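The values are calculated or read from the model by the stated rules, or taken from the named source; none is laboratory data. Quantities reported herein were computed from a predicted structural model and do not represent experimental measurements. Note: ideal-geometry Cβ built from the backbone for every residue, glycine included; neighbour counts use all protein chains shown.
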Amino acid sequence: MSIPSLTKPIAPAPLGGPREPIEWTFDPWSEGVARPLAAVASTLGVVSLACFSRLPLPACTVLVLGIVVLMAPGFVASRFRIDDAGVSRRVAFLPWSQMPWDRVKSATLRRRGLLVEARGALGFLANLRTWALPLPAKADDGAARERLLAWRDARRNNDGD
């Protein structure tokens, strides 16, 4: 079964009026404990390496905070939103970050979630500019995939595809 792609940017104000936004929450612990435990264990391992690296305390503190922030999506709940302005995400206690549609190169719906690639995402930093938005498989929000497909179909109908 082929999974459709959302490759064209969505117009900010379609002729049919603004579309209803799609929002969902992904909690890794509700999907099973193996992956979040692995994320916590790997975070603790990297943090312990940073602590034993003999760096000065301020540098070690900044490094540990950076590691925890980068690894947090693996073990804390995240919120996601797709609307006419773009794609937004919020991980735990961090503020919302948004990628407007004019910065989106492609958005592909995959088995485990939505993969959103930013324009100009080249080189070794490309993975930091690509967002993986996981979709819940077991929770009540499991209908997010169907809502994404309906949203894409509405966009295609308005754009004349």
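What the table shows:
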item: Pair list, Cβ < 8 Å and 6+ apart or interchain, from the range 126-138 residues that are surrounded by 13 or more Cβ atoms within 10 Å (Cβ to Cβ) to residues that are in a loop (DSSP other than H, G, I, E, B) and modelled with pLDDT under 80; result: 129/120; 129/121; 130/121
item: Among the residues listed as 143, 121, the single one being modelled with pLDDT under 75 and either touching a helix residue (DSSP H, G or I) at 6+ places or on another chain (Cβ under 7 Å) or not assigned by TED's automatic domain parsing to the domain that holds residue 103 (or both); result: 121
item: Exclusive hit being modelled with pLDDT of 90 or more and in contact with a helix residue (DSSP H, G or I) (Cβ under 7 Å, 6 or more places away or on another chain), set 60, 51; result: 60
item: The range 80-106, residues that are loosely packed, with under 14 Cβ neighbours inside 10 Å, under 18 Å from residue 23 (Cβ atoms) and either among the hydroxyl-bearing types (Ser, Thr, Tyr) or touching a residue at least 24 places away in the same chain (Cβ under 8 Å) (or both); result: 94, 97
item: Verdict on residue 109 being modelled with pLDDT of 85 or more, farther than 15 Å from residue 84 by Cα and crowded, with 16+ Cβ neighbours inside 10 Å; result: no
